[in-house]
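What follows is one structure encoded as structure tokens, with my remarks underneath.
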């Protein structure tokens with residue numbers, strides 16, 4: 001539903017809403033000082049992590065109307081023990097608009113073999129350990145979710161599929177002016193929906 005009076009500019013307010021989500025993008029590379037168990041040599045399914053366009057589905061369009069890809073950056077590399085991949089962020093553009101602005105972020109990291117599955121499991125644990133998480137069923141081989149409530153509500157799902165670690169986060173504003181974040185239940189559901197859409201795209 002289009003508001004009766006379109007805001008003249010949402011730019012500054014939108015930046016405030018999306019800044020929190022950007023901060024969640026970085027894989028905890030500095031925290032992955034774990035000892036990788038290379039004796040666990042079960043091969044992983046992913047030679048490399050998917051690129052950002054894996055997430056550009058109808059679900060993303062529903063959650064982040066009119067989205068633009070604002071961040072597309074590499075993570076890690078061949079010499080990094082945790083692996084390599086991409087971090088991505090999509091946001092509804094600032095300025096006048098007909099849609100309540102939202103933001104979605106994705107981290108995708110494939111751990112190298114041998115031992116890639118064990119490394120990806122360690123990536124999940126080490127990256128999410130700083131949050132108050134709860135386990136999720138039906139998303140990947142293992143998954144947890146958490147919510148950051150201040151200053152804006154951002155919900156994330158961290159999941160593992162074979163040797164791939166995925167972190168999908170979502171937030172949406174309460175109104176067209178993007179001054180405050182939306183309902184927490186809606187944001188939590190959006191993060192889970194976004195994570196599931198990426199996993200479904202992986203299997204296609």
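The values are calculated or read from the model by the stated rules, or taken from the named source; none is laboratory data. This one's a predicted model, so the numbers in the text were calculated from it and none came from an experiment. Here the Cβ positions follow ideal geometry from the backbone for every residue, glycine too, while neighbour counts run over all protein chains shown.
Data overview
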{"item": "Number of the condition not met by residue 119 [criteria: (1) buried (at least 21 other Cβ atoms within 10 Å of the Cβ); (2) under 27 Å from residue 184 (Cβ atoms)]", "result": "(2)"}
{"item": "Failed condition for residue 89, given (1) closer than 18 Å to residue 199 by Cβ; (2) in contact (Cβ under 8 Å) with a residue 40 or more places away in the chain", "result": "(1)"}
{"item": "Meets criteria (at pLDDT below 95, touching a strand residue (DSSP E or B) at 6+ places or on another chain (Cβ under 7 Å), in a strand (DSSP E or B) and closer than 19 Å to residue 58 by Cβ) for residue 172", "result": "yes"}
{"item": "Members of region 175-191 found to be part of a helix (DSSP H, G or I) and surrounded by fewer than 21 Cβ atoms within 10 Å (Cβ to Cβ), listed by number", "result": "184, 185, 186, 188, 189"}
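Yes/no matrix, rows are residues, columns are (1) touching a strand residue (DSSP E or B) at 6+ places or on another chain (Cβ under 6 Å); (2) surrounded by 23 or more Cβ atoms within 10 Å (Cβ to Cβ); (3) touching a residue at least 24 places away in the same chain (Cβ under 8 Å); (4) under 23 Å from residue 113 (Cα atoms):
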| residue | (1), (2), (3), (4) |
| --- | --- |
| 135 | yes, no, no, no |
| 142 | yes, no, no, yes |
| 162 | no, no, yes, yes |
| 165 | yes, yes, yes, yes |
